[in-house]
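Structure first, commentary second.
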Amino acid sequence: MTTDSAFNSVPDAKAVVDRAYEASVVLAKTKGDDRARALEAMADALREASDDILEANTLDLEASREMAVPELILEWLKLTPERIGSTIAILEKLAQLPDPLRQVMNATYQVGRSQSYSQLMPLGTIALVYEAFPDFGAIAAGLCVKTGNTLILRGGTEASHSNAAIAQALQRGIEQSNLPLGTIELFPPDVGVSTRDLIRQDKYINLVIPYGRPSLVQQVVRQATAPVLKSAMGNCYLYWSPTGSMDLARATIVDSHASEPDPVNAIEKVLVNAKAKPSSLSLLWNSLKEKGFTLKGDRELADQFPELEAVEDDAEWNRAYLTKTVAFKTVEDLDAAIAWIDQHSSGHADCIVTESYQESCQFAVGIHSASIYINTSPRFHRAPPQGDAVFLGMSNQKGHRRGSIGLETLTTTKHVIQGWGEF
C-alpha cells in the first residue's frame, strides 16, 4: 500500500489534514489584529485549563515511568505551573508584537519600467513532530497563528494526555476568536497512521519541523517528502584559547546548560590547547564537578587525569549527550580547533573564549555553524529578556531558514511587480 493510500484509508486522518489545509487559505487573509486577539484568547484558555493540563501531565508521567521511559524524556515531559505560566507569557508577548505579514520591503531587483516590492507571507500548513515537551506545541501554535500558518501537532505517545489537554485549550481559544476551524489540529499517535505517512503529504503540508533527540530529527529528514526545517540540540563546542580566562570558560559552560527544560545550545564538547597548564585544567574540572557535571576526556587527557572518563569512540564527538556531560579534547592550535569543530559539532552554536581579537576574527570566519559566540554564553532563551523576539529553537541547516527559528522563519517572500502597460 502506498503512503497516500495508507493515509487516505483513515478518514479521521485525512480530515485533519484537509481542515488544516483549508484553514490555511482563510488564515492567510486574516488581519493582524484578529490573530493578535486569537493569541490572547489562546493564552486565557491555557490559563483556565492549567489544572486539567497538570492532571493530564501526571497521567503521562505515571505511565511513562511504568514503561521505563528514559529520565531525559521524563524531564522534558514534566510540566509545572511555572512552565505553563512561561508558555502563557510567550503567547501574550506574541500578541503584542507587530504583525509580521504583508510588510512592504524593497525588492532585490526591478523588472523593466515596472515598480517592484516584496512582502512576507505565510508558508501555509506546518506539521510539528515532537517528543515530550508538551508546552512546546503551544509555543509553536502561537508562532504559527502570529504568522498566519495553520499547525498540525504530532506528539509522542509519552505525552498523549498532556498534548490533548493543551490542544483542546488552544482550540477553544481559536473558536472564541472566530479564526477558522483547523487552525490548530492534533494528530494523536494512536490515530492509525504513522508519522511517515503524515510527513509525506507534501501536497498539503508546506513545512515539517521535527523537535527532540537527534535520532527523531534524522528519521523525519530521511522519510519526509514535504520540506523539513531541521532543529538541533546539544553537541555545541567551545574552544578555550591559552589567552582566554579560565573563569570565563567555566562560566560559559555552566550558563549554556541553564536553558530549561531542553539544553538547546548546551556546550558539551570543549577543545583545550595543548599548551594549557595542567593546574588550570584541574581547577576547571573540579569546579565543574562541584556544579554536578560528568566529565570525559580524550585518551591523552584521560590517561593523564584520572578524574576524567575516557571518551568511548570517535563517534562520540559527533553525538549530543543532552545531559550535564562535557568531554574535553586537546588540539594543537586554533586552526586545528576550527577544523575539528567544523567536522564534528552539531553546527548550530559554537563558542570561543579568547582575549585575542585576531583569534576571535579567525574563529568567526572559519566556523561554519549558524551562530558564533565570542566570550559569551550561547544559552538559549525562547523569549529573550531583551527585545521582542520569540524563538522556537535552533536550526543547523544551511539556507535561509538557519539559526534561531522565529517569526520570519515561518514566512516566505512574495515578489510583486506593478506595471503600467509599458514593456
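The count of lysine pairs in segment 236-374 that are at least 8 places apart or cross chains, and whose C-alpha atoms lie under 17 Å apart, stands at 11.
Return the FRET efficiency for the residue pair Ala389, Glu55: r is the Cβ-Cβ distance, R0 is 45 Å, and the value is rounded to the nearest 0.05. That gives a FRET efficiency of 0.85. GluC sites (Glu not before Pro) within segment 348-423: which are DSSP loop residues with at most 16 other Cβ atoms inside 10 Å? Answer in residue order: Glu355, Glu422. If a paramagnetic tag sat 7 Å from the Cα of Val191 along the Cα-Cβ line, which residues of segment 106-146 would have the backbone N under 15 Å from that point? Zone members listed by number: 125-130. Reported to the nearest whole Å, the Cα centre-to-centre distance from segment 366-383 to segment 123-190 is 29.
Rg/Rh, computed from the Cα trace of segment 236-374 with Rh as the Kirkwood radius, has the value 0.92. Computed 3J(HN,Hα) for segment 242-259, one whole-Hz value per residue from the Karplus formula 6.51 cos²θ - 1.76 cosθ + 1.60 where θ = phi - 60°, is x, 7, x, 6, 5, 4, 5, 4, 4, 5, 5, 4, 4, 5, 5, 8, 7, 5, glycine and proline marked x. In the elastic network of the chain, a GNM with C-alpha springs shorter than 10 Å, the most mobile of Leu101, Leu128, Leu284 is Leu284.
Rounded to the nearest 10 degrees, the angle from helix 334-344 to the longest Cα principal axis of the chain is 40 degrees. Between amide H atoms placed 1.01 Å from N, distances below 5 Å from Leu207 occur with Thr125, Ala127, all of them 5 or more places distant or on a separate chain. Taking the Kirkwood radius as Rh and the Cα radius of gyration as Rg, segment 36-169 has a ratio of Rg/Rh equal to 1.14. Using alpha carbons only, the radius of gyration of segment 127-169 set against its Kirkwood radius gives Rg/Rh = 0.95.
Nearest 500 deg cm²/dmol is fine: what mean residue ellipticity at 222 nm does the chain get from its DSSP H runs of n ≥ 4 alone, each adding -39,500 (n - 2.57), divided by its residue count?
-13000 deg cm²/dmol, from helical runs alone.
Kirkwood analysis of the Cα pair distances in segment 78-144 returns a hydrodynamic radius of 15.0 Å. Taken over the C-alpha atoms, segment 170-300 has Rg and Dmax values of 22.0, 65 angstrom.
Amide H contacts of Gly297 (H built 1.01 Å from N, in plane; Pro and chain starts excluded): Glu309, Ala310, Val311, Phe328 sit under 5 Å, all sequence-distant by 5 or more or on other chains. Residue-wise HN-Hα couplings along segment 104-119, as the Karplus relation 6.51 cos²θ - 1.76 cosθ + 1.60 with θ = phi - 60° gives them from phi, are 7, 10, 5, 6, 6, 7, 10, 10, x, 8, 7, 9, 10, 8, 10, 9 Hz; Gly and Pro carry x.
Taking amide hydrogens as placed 1.01 Å from N in the peptide plane, the amide H of Met394 sits under 5 Å from those of Ala232, Ile405, each at least 5 positions away in sequence or on another chain.
In the P(r) worked out for the chain, what percent of Cα pairs fall beyond 38 Å? Intermediate results must be reported in sequence, preceding the final value.
Working: 25119 of 89253 pairs.
Result for the distance tail: 28 percent.
For segment 378-383, backbone phi angles converted through the Karplus equation (6.51, -1.76, 1.60; θ = phi - 60°) give residue-by-residue couplings of x, 2, 8, 10, 5, 10 Hz, Gly and Pro being listed as x. Annotation note: trypsin sites (Lys or Arg not before Pro) in segment 109-183 located in DSSP loop regions with a Cβ neighbour count of at most 11 within 10 Å are Arg113.
Each reported figure results from applying straightforward, stated rules to the coordinates on display, with no laboratory input. Here the structure is a predicted model, which means the values were calculated and not measured. FYI the Cβ positions are ideal-geometry reconstructions off the backbone, even for glycines, and counts take in every protein chain you see.
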